[in-house]
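The values are calculated or read from the model by the stated rules, or taken from the named source; none is laboratory data. These figures come from a predicted structure and were not determined experimentally. Don't worry about glycine lacking a Cβ; one is built from the backbone with ideal geometry, like all the others, and counts go over all protein chains shown. Ligands, DNA and RNA are stripped out before the accessible areas are found, and what is left, the full protein with its side chains, is counted by its heavy atoms. Shrake-Rupley method; radii C 1.70, N 1.55, O 1.52, S 1.80 Å.
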Amino acid sequence: MATSSSRRLPVVDAVAPPERLAMLRILSGVFAVAYLLIRLPGFLQLGDRRSGFDGVGLARLLDRPVEGSVVDAVAVATLLCGLAFALGWRFRVTGPLFAVGMLALGSYRGSWGQLLHFENLMVLYLLIIALAPAADAWSLDARRREDHPDDLGESVSYGFPIALAGLVLVITYVIAGFAKLRYGGLDWVFGDTLRNHVAYAAARLDLLGGTPSPLAGWAVRLDGVWPFVAAATIVIELAAPVALLGGRIRTGWVLAAWLMHLGGLAFMLIGFPFPLFCVAFAPLYRVERWWTGLLYTSPSPRA
């Protein structure tokens with residue numbers, strides 16, 4: 001098994017320092033906690049629902065909605081475990097509890113028909129990180145262990161979870177591309193499917209009393225542009241595996257994917273915050289350098 005730090009794939013040979021996995025834990029944990037805090041009122045309201053339940057994910061284990069007090073308890077406990085997850089406190093317990101809690105809340109909310117694809121990717125990251133030694137560095141657990149060495153060194157134990165998260169990332173994009181072609185065929189590229197999606201999103205918001213994107217009405221009137229936009233979307237999603245090659249080709253794909261999500265937000269007001277805030281792309285980079293670079297970069301001397 002290769003252990004060279006230049007190896008980025010295959011997944012089983014990936015190595016990384018503990019700080020890189022720790023930074024992925026911090027980024028994913030802080031994002032998930034912030035997301036849960038923002039969405040907390042919506043999750044708590046699930047306790048009042050009684051009709052229209054159709055269990056998905058973990059909620060398939062339920063034959064009917066649970067009591068509101070149970071939903072409240074799970075949401076609050078998950079939030080507290082999320083804080084511990086990000087801080088790396090008692091991580092062997094709080095890490096899995098937070099990941100499973102987010103999976104349970106997402107599954108329960110999805111049981112009423114609202115499926116958020118970016119939320120699925122976020123939860124997959126949390127599950128991967130929760131089962132990894134992600135608190136060996138930059139954590140409260142590491143600080144309280146007196147026998148903890150200052151430098152654990154690079155290891156597959158830290159690199160494998162990161163590489164696995166990166167693999168999950170590209171697989172989700174490829175699946176999305178194939179799904180468009182499967183259900184829409186070449187019509188999805190050469191027809192008006194994407195333009196109709198933009199028009200539908202604007203009309204739906206307007207009908208429900210919301211404010212549609214000011215760009216939507218102008219954009220749907222454009223002829224000849226949408227096939228190129230649709231084709232670009234398919235190419236970006238199906239080309240996701242090139243991001244695993246690293247270097248400029250990785251950064252080029254990340255930029256293209258980010259702009260694709262930015263376009264969805266601008267024209268349909270459909271936001272995918274996990275990639276828009278670039279947390280989804282963190283496994284593709286040496287993210288620990290974002291922090292160590294700030295710590296150890298000496299200020300330029302004054303002229």
(request) Could you grab the relative contact order for the range 184-263? Cα pairs under 8 Å, six or more apart, rounded to a whole percent. (result) 26
(request) Would you mind calculating the gained length between residue 83 and residue 45 on full extension (0.36 nm times residue separation, minus the Cα-Cα distance), in nm to one decimal? (result) 11.5 nm
(message) Suppose R0 equals 30 Å. What FRET efficiency, 1/(1 + (r/R0)^6) with r the Cβ-Cβ distance, do residue 183 and residue 37 give to the nearest 0.05?
(response) 0.30
(request) Rounded to whole Hz and in sequence order, give me ³J(HN,Hα) for the range 127-141 from the Karplus expression 6.51 cos²θ - 1.76 cosθ + 1.60, θ = phi - 60°, writing x for Gly and Pro. (result) 5, 5, 5, 4, 9, 10, x, 7, 10, 6, 9, 6, 8, 5, 4
(message) How much length would be gained if the chain were fully extended between residue 206 and residue 117, taking 0.36 nm per residue of separation minus their Cα-Cα distance, in nm to one decimal?
(response) 29.7 nm
(request) Pop out the ³J(HN,Hα) list for the range 88-102 in order, Karplus 6.51 cos²θ - 1.76 cosθ + 1.60 with θ = phi - 60°, rounded to Hz; leave Gly and Pro as x. (result) x, 9, 6, 5, 4, 9, 6, x, x, 4, 5, 4, 5, x, 5
(message) Please compute the contact order of the chain in relative form: average sequence separation of alpha-carbon pairs under 8 Å and at least six residues apart, divided by the residue count, as a percent.
(response) 22
(request) Could you please state, rounded to a whole Å, how far the C-alpha centre of the range 72-88 is from the C-alpha centre of the range 125-144? (result) 15
(request) Return the ratio Rg/(2.2 N^0.38 Å) for the range 198-250, where Rg is computed over Cα atoms only. (result) 1.62
(request) Please list the non-local residues whose amide H lies under 5 Å from the amide H of residue 137, H modeled 1.01 Å from N, same-chain partners needing a gap of 5 or more. (result) none
(request) Determine how large the accessible area of residue 39 is when every protein chain is in place; take a 1.4 Å probe and give Å² rounded to the nearest 10. (result) 90
(message) Just to check I understand the Karplus step: with θ = phi - 60° and J = 6.51 cos²θ - 1.76 cosθ + 1.60, what whole-Hz values come out for the range 41-54, glycine and proline as x?
(response) x, x, 5, 5, 5, 4, x, 8, 7, 9, 10, x, 7, 9
(request) Report, by chain and number, residues whose modeled amide H sits under 5 Å from the one on residue 155, excluding near sequence neighbours (fewer than 5 apart, same chain). (result) 16
